[in-house]
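Heads up, the thing below is written out as structure tokens.
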Amino acid sequence: MGEDAESPKINHTFLRDYVTEADVISTVEFNQTGDLLATGDKGGRVVIFQRETDSKGESEEVGETGDSGEYNVYSTFQSHEPDFDYLKSLEIEEKINKIRWLPQQNAAHFLLSTNDKTIKLWKVSERDKRPEGYNLKDEEGRLKDISTITSLQVPVLRPTDLMVEVRPRRVFSNGHTYHVNSISVNSDGETYLSADDLRINMWNLGITDRSFNIVDIKPANMEDLTEVITAAEFHPHHCHLFVYSSSKGTLRLCDMRSSALCDRHTKLFEEPEDPGSRSFFSEIISSVSDVKFSHSGRYLLTRDYLTAKVWDLNMDKGPVETYQVHEYLRSKLCSLYENDCIFDKFECVWNSSDSVIMTGAYNSFFRMFDRETGRGVTLEAWRESSKPRAVLRTRRVYSGGKRRRGDVGVDSLDFTKKILHMAWHPSENIIAIAATNNLYIFQDRVNPETQLQ
């Protein structure tokens, strides 16, 4: 009825770009096999994706390109709800800060999820049969009159539609006064650690009413506080070792065999500061936002605001490798401080062979670095890339010198489109990138090292 031809396009664009805060993805994690991928969002929801296995015919069709199935929604559940701390008169957000999978022991899967205060253990299982023929219950589940039972029968299992059940098995609460920023499952399969700004606790997966405090950096007088804990992780092979990072840019490796309370670290990793380059922002941009052990356990990967660094556990004098993620932002630190972007916490990940590292940036960009050559590539996660068979575009940020066609100027970067959370498949070249409320899953057709040029 005389409708403007442009209005559907405008409405479509508005709906496509409209993002509610609750839908923003806040964590991404593959399980140990890579067949399951879990995401958590600011609305307290967890979405699990399962990798679909191709049929034989389909596998032969796509065999040349190396496609081995896509990820589809497997289950969705509400992990955390908004809460309120009446003693401190503080609201507790439902946002999922971290998800960690437990090693699979049987047909069921288990994962830990946490918000600022409460950690929960979830069991994810499948059911494709249901019991029938109870002696004491009728078909609708109501109890029978015992006097009417004249014979006994053996219940049988009947096939039914596949159901995915997600049930809470444990709730670990009241362990943290400050906001939980990390959880890490120990290689012993029985314990895990949780870290907040000032303390790290170790829990047994079967005990919810108590935990052991293994690090406590809270000073007697809070005015003397100079740094906070930003991330923590267990060693992938040695159950007695863990590392935690601080807002001062330091890493502390702790050995639980030396003492029950690991206030005294075994090794301290820090990079000497150049007095000539010190500025008002030096301490802010040196704060470590993420730390990850390599799969081999030999190296540590850290991310601060401008760089990603690789540290050797046997060399504590400084990083063995430093990669500039977005050095072109150094001249923009003042404006980034004013809009709070300087406090963004970027994550970093290793590939399965520890030969390539990946981390996020702004403008929907993320970066990969080949450790052997030192070369890096900037890639963009955007809607056109999500089309089947689409090839990721390499991008370049123009900050001076000769400008190439397609370069993006520093002043044109969109700082609201930030890639903070990501994960790398444990054995294949498959990556998951969270961009606000979108999850991008990319599969490399060739060895990634050959593309970092």
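How do M315, M358 rank by accessible surface area computed with a 1.4 Å probe, from largest to smallest?
On the way: M315 100, M358 0 Å².
Descending order: M315, M358.
Report the local net charge at K42: Lys and Arg +1, Asp and Glu -1, summed over other residues whose C-beta lies under 12 Å from its C-beta. Mind showing how you got there, number by number?
Numbers: positive: R45, K95; negative: E21, D23, D41, E93, E94, D116.
Around K42, the surrounding residues sum to -4.
Quick one: 3J(HN,Hα) in Hz for the range 217-234, Karplus 6.51/-1.76/1.60 with θ = phi - 60°, rounded, Gly and Pro as x.
These are the phi-based 3J(HN,Hα) values: 9, 5, x, 4, 10, 5, 5, 8, 5, 10, 8, 10, 7, 10, 6, 8, 7, 6 Hz.
Check the cysteines of the chain one by one and keep only those with no other cysteine Cβ under 4.7 Å from their own.
Among the cysteines of the chain, those whose Cβ sits 4.7 Å or more from every other are C239, C334, C341, C348.
Limiting things to C-alpha atoms, what are the Rg and the maximum Cα-Cα separation (Dmax) for the range 325-441, in angstroms?
14.5, 41
Provide the solvent-accessible area of S151, counting protein heavy atoms only and rolling a 1.4 Å probe, rounded to the nearest 10 Å².
For S151, solvent-accessible area is about 80 Å².
For q = 0.22 Å⁻¹, what log10 I(q)/I(0) does the range 256-303 give under the Debye formula with an equal point scatterer on each alpha carbon and no solvent?
-1.00
Suppose each label sits 7 Å from its Cα in the direction of the beta carbon; what would the S277-N213 distance come out to in nanometres?
It is 3.8 nm.
Below 8 Å between Cα atoms, with a sequence gap of 6+, how large is the relative contact order for the chain in percent?
Numbers: 1005 pairs, mean separation 45.1, N = 453.
Relative contact order comes out at 10 percent.
Leaving ligands, DNA and RNA out of it, rank E321, E270 by accessible area with a 1.4 Å probe, largest first.
On the way: E321 40, E270 85 Å².
From most accessible down to least: E270, E321.
Once neighbouring chains are kept in place and the probe is 1.4 Å, which whole percent of the accessible area of the chain is contributed by carbon and sulfur?
Values: 12030 of 24780 Å².
About 49 percent, which is the carbon plus sulfur part of the accessible surface.
For a Förster distance of 45 Å, can you work out the FRET efficiency between the beta-carbons of S187 and R130, rounded to the nearest 0.05?
Working: r = 37 Å, r/R0 = 0.83.
The value I calculate is 0.75.
What is the distance, in nm, between label points placed 7 Å from the Cα along the Cα-to-Cβ direction at R393 and at S427?
3.6
As an exercise, use a Förster radius of 30 Å and the Cβ-Cβ distance of R375 and S259 to find the FRET efficiency, rounded to the nearest 0.05. The partial results should precede the final answer.
On the way: r = 43 Å, r/R0 = 1.44.
Working from the Cβ atoms, E equals 0.10.
Compute, for the chain, the length of the dipole vector about the Cα centre, with Cβ point charges of +1 (Lys, Arg) and -1 (Asp, Glu) only. Units Debye, rounded to 20. Intermediate results must be reported in sequence, preceding the final value.
Numbers: 56 positive and 71 negative charges, 103 e Å.
For the chain, the charge dipole is close to 500 debye.
What net charge is computed for the residues neighbouring R167, neighbours being all others with C-beta under 12 Å from the C-beta of R167, Lys and Arg scored +1, Asp and Glu -1?
On the way: positive: K120, K123, R127, R169, R170; negative: E165.
So the environment of R167 carries a net charge of +4.
Consider the candidate values (i) 77, 59, 36; (ii) 60, 54, 43; (iii) 92, 70, 48; state which one is Cα extents along the principal axes in Å computed from the structure displayed.
(iii)
May I ask you to compute the full-extension gain from K88 to K144, defined as 0.36 nm times their residue separation minus their alpha-carbon distance, rounded to one decimal in nm? Please report the intermediate quantities before stating the final value.
Numbers: separation 56, 0.36 × 56 = 20.16 nm, distance 5.14 nm.
15.0 nm is the gain from fully extending K88 to K144.
State the percent of C-alpha pairs, over all pairs in the range 209-331, separated by a distance greater than 19 angstrom. If you can, show how the numbers build up before the last one.
Working: 3817 of 7503 pairs.
So the pairs more than 19 Å apart make up 51 percent of the total in the range 209-331.
Using only the alpha-carbon atoms, how far is helix 7-17 inclined from the longest principal axis of the chain? Give it as 0 to 90 degrees, nearest 10.
Long axis of 7-17 versus the principal axis of the chain: about 90 degrees.
Quick one: net charge around F343, please, counting Lys, Arg +1 and Asp, Glu -1 for every other residue with C-beta under 13 Å from its C-beta. Can you show the working numbers first?
On the way: positive: K345, K418; negative: E283, D304, E338, D340, D344.
Local charge sum for F343: -3.
In nm, to one decimal, how far is the T20 label point from the K417 one, both placed 7 Å along Cα→Cβ?
Spacing of the two 7 Å Cα→Cβ label points: 2.4 nm.
Hey, how many Å between the Cα centroid of the range 190-240 and the Cα centroid of the range 260-276?
Cα centroid to Cα centroid, the span is 17 Å.
Helix-only mean residue ellipticity at 222 nm, the chain, DSSP H runs n ≥ 4 weighted -39,500 (n - 2.57), per residue, nearest 500. What is it? Walk me through the intermediate numbers first.
Working: 4 runs with 29 residues, N = 453.
Helix-only estimate at 222 nm: -1500 deg cm²/dmol.
The values are calculated or read from the model by the stated rules, or taken from the named source; none is laboratory data. Given the structure is predicted, the values throughout are model-derived calculations rather than measurements. Virtual Cβ from ideal backbone geometry, glycine too; neighbours counted across all protein chains shown. Each accessible area value is taken on the protein alone, full model and side chains, heavy atoms only, with ligands, DNA and RNA left out. Shrake-Rupley method; radii C 1.70, N 1.55, O 1.52, S 1.80 Å.
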